[in-house]
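Colleague: Below you'll find the structure I mean.
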Amino acid sequence: MNFEQLLLTVLTYGCLYSVMTVCLNLQYARGGMINFGTVAYFAAGAYAYAIFTQEPPQGLDQYLFGFNAPWWIGFIAAGVASLLFAVITGWPTLRLRGEYLALTTFAFAEVLHSFLLNERRIGNGSVGLSNVDRPDFSVIGLSENYAFVLAAVLLLILTSLLCRRILASPYGRAVDAVRNDEVAAEAIGKDVHRLRFEIFVISAIPIGFAGALYAMITTLVSPDLFTAEVTFFVWIALVLGGEHTIKGVILGTLALVTFEEVVRSLHFETVRAAEIAASVEHMMTGVIFVMILRWQPFTRFATRGREA
Amino acid sequence: MEPKPKRSILLKGLIASTALVVTSLAAAAEEVTVGVLVPLTGELGEFGKIVAGGVELGANEINAAGGTSCGNIRLVVADTGGNPEVGIREASKMIESENAVAVLGPTSGVMVALVDLAKRTKTVIMSPYAGTITLNELGGDFVYRTVSSDLGDGAASGLWLKERGYKSVAFLVQNEESTISPAQVARTTLEDAGIELTDFIVYNPGQPSYQAELISVLANEPDAIYLAGGQESGVTVIKEATSGGFEGEWLFTADLAVPEIFDAAGADLLNGRAYVEFADADNSLPEYKAFEALHQEKAGGDPGPFAANSYDMIKLVALSLEASGVCSGEGINSVIRDVSDGGETVSSFAEGKAALAEGKDINYEGASGPLVFDPSGTVAGAYTIQKAEGGEWVNEKFYPASAFE
């Protein structure tokens, strides 16, 4: 195993997914909103980036828009697209609570998936948009692998700082108050609907940026990449890391990605061995999940300072 | 209250897994690594196993013949589950950590996602079944396939529908790239030939019924229905169309070219009136027969779909390494077109190696047919039309690659 390669992959994808977990943590653990449609905001960002940076359609392409814009415009567009999608979905749904909100957000994500699959004029339908533009990193003298790690780490740090800042402020305490007791919060003059809506929308923006970064790394956006599996992955990471602390959820996500990578870095020289490993991986994943949930190492680590 | 023992369990687990990793890394020197990146799990898992098996069969034969000048072929096999993101992660590891000179076997979606990586890292990627039309534009340099483009399937279907002399045809197409692109080509052929296209309906799979889609199709009473769908949706469509009064003929695409379809849909509904089109190796070629015999002997049983195309991939890689004398993706890329086009015809690695050693130019004729790459790195395909008769598919017509020139 090449440890450098392993580290690069874990950091790139780990930080990318951590951005989503941290935002989900803000929505769920602090805002009390169960969002089962995380992937939709991620997809909105990725598609917006691809559409803005893509060249106009030619040949067999079926999409209508390709603006051939520089990467940074695409990146901003990704954040805006995710924000807009959060406004559109958040405004009518945030009156719902608990599992009703979970089901509705899940449904919205499925609607977006189905829309992207069937409306070929947006993103080429099931074909997707390939060869997505990447920024030229040679100007800062970094190889692409390192540049993407750096970008992912930076995005995660900024997202974490933003979340911490929000939650440590009086505004954050108001959010906590709404989660703990809506009636009491309303009684002391907090606008419950507005607070929930704001947290929902703010936390969608970094997810959109993560989507753009993801599109740059994979150089492909297609409905296949944005299935409910992404949402579940992020939720599992959140549960493993233990909700409530930013450090914990990041650790949980990194651990999940590391586990996947370590298992996959065992390469097999025969087809039979690879087949067996592919099946065993799922069983092992289950066992390790049970172990982590039983002993909660990440939650303990993240809250260690506080208990002391 | 007893953290110590728990930590030691975790620690032991960690040590054990590290030990496992380290032992698996003890690879021998004088080898050249080729990655096999296929879906072993998921929807396309069955195809992936056939492809990996085909590559393995070829690699064993190459190593038995003394290996390449870069050493014996060492395969590293990884499962993508058909997911492009996993594909990128696995391929990066194969290239960066294992120094793979080529990555063989990705499916369409993964292949498209890998184009950029292949060109950046100067590693050859090759697929035996990625028919996606996206590669018609992206392929060529470092990106190859030993199967024809989906457009070829469409051309073959169109040709058959035209030759069959139908006056009107309805199209029912599952909403997938691999089914829509060929359907569009077939549609153009029909339009050019002046055949009436009664409907062109794209449907989403996974529905309990397709009555809604069939209403207009059946009302127009076409002579034939072109059905490009998966096994699940296809069976339901066949049953519902028949019970809705459809008495014309069918043309199916590759997904339905399996014997199970007769049990699932009912042989009575298909016999004598259903045809199926799929890309096929020319079974009459001596190279294919030799491969079939080898497969029977080493793997047991007849080769599955794309097995011959997969077997050819590793042969091309090995012969390119031999011909270029450079043990890298760039070396392969620089000569891969030459080893299968022009020169002395060879049909096995040993023959090719000997001819190259004598300084000759070689033309490798594959088990799946001639492997002349066009500018997009795609080979021309041959297609078979089979007819449903007595509860099985029997050969009706073979279109060699030359039929489409």
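The values are calculated or read from the model by the stated rules, or taken from the named source; none is laboratory data. Bear in mind that the values here come from a model prediction, so they are computed numbers and not experimental data. Neighbour counts run over all protein chains shown; Cβ positions are idealised from the backbone, glycine included.
Colleague: Would you please name the residue that is farthest from the other protein chains (Cβ to nearest Cβ), looking only at residues in the range B:126-135 that are at pLDDT below 90 and more than 24 Å from A:Pro135 (Cβ to Cβ)?
Modeller: The qualifying residue farthest from the other protein chains (Cβ to nearest Cβ) is B:Tyr129.
The rows are residues; the columns are (1) surrounded by fewer than 24 Cβ atoms within 10 Å (Cβ to Cβ); (2) farther than 30 Å from A:Asp136 by Cα; (3) more than 12 Å from the chain's Cα centre (by Cα).
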{"residue": "A:Ile207", "(1), (2), (3)": "no, no, no"}
{"residue": "A:Ala210", "(1), (2), (3)": "no, no, no"}
{"residue": "A:Ala215", "(1), (2), (3)": "no, no, yes"}
{"residue": "A:Asp224", "(1), (2), (3)": "yes, no, yes"}
{"residue": "A:Leu240", "(1), (2), (3)": "no, yes, yes"}
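Colleague: Another one. Take B:Thr123 and tell me if it is crowded, with 24+ Cβ neighbours inside 10 Å, more than 9 Å from chain A (Cβ to nearest Cβ) and modelled with pLDDT of 90 or more.
Modeller: Here the answer is yes, as B:Thr123 does meet what is asked.
Colleague: Looking only at the range A:165-187, count how many residues are over 29 Å from A:Ala152 (Cα atoms) and touching a helix residue (DSSP H, G or I) at 6+ places or on another chain (Cβ under 8 Å).
Modeller: The total comes to 8.
Colleague: Let me ask something else. Please name all residue pairs, on different chains or six or more residues apart, with Cβ atoms under 7 Å, provided the first residue is in the range B:162-177 and is touching a residue at least 12 places away in the same chain (Cβ under 8 Å) and more than 29 Å from B:Thr134 (Cβ to Cβ) and the second residue is assigned to a loop (DSSP other than H, G, I, E, B) and of a type in the set (Asp, Glu).
Modeller: From residues that are touching a residue at least 12 places away in the same chain (Cβ under 8 Å) and more than 29 Å from B:Thr134 (Cβ to Cβ), the pairs are B:Tyr166/B:Asp223; B:Lys167/B:Asp223; B:Ser168/B:Asp223.
Colleague: Right, something else. Please go through the range A:245-299 and pick out each residue that is within 15 Å of A:Cys15 (Cβ to Cβ), away from every other protein chain (no Cβ under 11 Å), of a type in the set (A, V, I, L, M) and out of contact with any Lys or Arg (no Cβ under 7 Å at 6 or more places or on another chain).
Modeller: Once the filter is applied, which keeps residues that are within 15 Å of A:Cys15 (Cβ to Cβ), away from every other protein chain (no Cβ under 11 Å), of a type in the set (A, V, I, L, M) and out of contact with any Lys or Arg (no Cβ under 7 Å at 6 or more places or on another chain), the range A:245-299 yields A:Val249, A:Ile250, A:Leu251, A:Leu254, A:Ala255, A:Leu256.
Colleague: Here are some residues: B:Val276, B:Val339. Which one is more than 25 Å from B:Gly35 (Cα to Cα) and buried (at least 23 other Cβ atoms within 10 Å of the Cβ)?
Modeller: Answer to the check: B:Val276.
Colleague: Just name the residue that is modelled with the lowest pLDDT out of those in the range B:73-91 that are more than 7 Å from chain A (Cβ to nearest Cβ) and at negative phi.
Modeller: Looking at residues that are more than 7 Å from chain A (Cβ to nearest Cβ) and at negative phi, I get B:Asn83.
Condition check ((1) in contact (Cβ under 8 Å) with a residue 24 or more places away in the chain; (2) over 20 Å from A:His282 (Cβ atoms); (3) out of contact with any His (no Cβ under 7 Å at 6 or more places or on another chain); (4) of a type outside the set (S, T, N, Q)) across all residues:
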position: B:Gly42; (1), (2), (3), (4): yes, no, yes, yes
position: B:Leu57; (1), (2), (3), (4): yes, yes, no, yes
position: B:Gly71; (1), (2), (3), (4): yes, yes, yes, yes
position: B:Ala78; (1), (2), (3), (4): yes, no, no, yes
position: B:Ser92; (1), (2), (3), (4): yes, yes, yes, no
position: B:Ala100; (1), (2), (3), (4): yes, yes, yes, yes
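Colleague: Let me ask you something else. Inspect the range B:370-380 for any residue being assigned to a strand (DSSP E or B), under 24 Å from B:Thr253 (Cβ atoms) and of a type in the set (S, T, N, Q) and give the result as yes or no.
Modeller: Looking through the range B:370-380, at least one residue is assigned to a strand (DSSP E or B), under 24 Å from B:Thr253 (Cβ atoms) and of a type in the set (S, T, N, Q).
Colleague: Separate question: Going through the range A:106-149 one residue at a time, which ones are closer than 28 Å to A:Thr9 by Cβ, among the aromatic types (Phe, Trp, Tyr) and surrounded by 18 or more Cβ atoms within 10 Å (Cβ to Cβ)?
Modeller: Hit for the range A:106-149 is A:Phe148, nothing else.
Colleague: Could you list, in sequence order, the residues of the range A:265-286 that are buried (at least 18 other Cβ atoms within 10 Å of the Cβ), more than 25 Å from A:Glu4 (Cβ to Cβ) and not small (Gly, Ala, Ser)?
Modeller: A:Val271, A:Glu275
Colleague: Which of the residues that make up the range B:165-183 are of a type in the set (D, E, K, R) and either farther than 16 Å from B:Leu251 by Cβ or within 14 Å of chain A (Cβ to nearest Cβ) (or both)?
Modeller: B:Glu176, B:Glu177
Colleague: With the requirement that a residue be polar (S, T, N, Q) and more than 14 Å from every other protein chain (Cβ to nearest Cβ), what does the range A:1-41 give you?
Modeller: A:Ser18, A:Thr21, A:Asn25, A:Gln27, A:Asn35, A:Thr38
Colleague: Can you name every one of the helices (runs of 4 or more DSSP H) wholly within the range B:137-256 that holds 3 or more residues which are within 23 Å of the chain's Cα centre (by Cα)?
Modeller: In the range B:137-256, the matching helices (runs of 4 or more DSSP H) lie at B:150-163, B:177-193, B:231-243.
Colleague: Related question: Applying the selection to the range B:179-205, what residues are touching an Asp or Glu at 6+ places or on another chain (Cβ under 6 Å) and in contact (Cβ under 8 Å) with a residue 40 or more places away in the chain?
Modeller: Residues satisfying the conditions are B:Ser181, B:Pro182.
Colleague: Another question, if that's okay. Out of A:Tyr41, A:Tyr63, which single residue is closer than 23 Å to A:Glu110 by Cβ, part of a helix (DSSP H, G or I) and either in contact (Cβ under 8 Å) with a residue 24 or more places away in the chain or of a type in the set (Gly, Ala, Ser) (or both)?
Modeller: Only one candidate qualifies: A:Tyr41.
Colleague: Restricting to the range B:136-163, count the residues that are touching a helix residue (DSSP H, G or I) at 6+ places or on another chain (Cβ under 9 Å), charged (D, E, K, R) and within 14 Å of chain A (Cβ to nearest Cβ).
Modeller: So the answer is 2.
Colleague: Restricting attention to the range A:125-143, report how many residues are within 13 Å of another protein chain (Cβ to nearest Cβ) and farther than 18 Å from A:Gly74 by Cα.
Modeller: 5
Colleague: Considering only the range B:357-373, state which residues are more than 17 Å from the chain's Cα centre (by Cα) and either over 20 Å from B:Tyr129 (Cα atoms) or modelled with pLDDT of 90 or more (or both).
Modeller: Correct list: B:Ala357, B:Glu358, B:Gly359, B:Lys360, B:Asp361, B:Ile362, B:Asn363, B:Tyr364.
Colleague: Looking at the structure I just gave you, is A:Ala152 surrounded by 15 or more Cβ atoms within 10 Å (Cβ to Cβ), in contact (Cβ under 8 Å) with a residue 24 or more places away in the chain, in contact with a Phe, Trp or Tyr (Cβ under 6 Å, 6 or more places away or on another chain) and part of a helix (DSSP H, G or I)?
Modeller: No: the conditions fail for A:Ala152.
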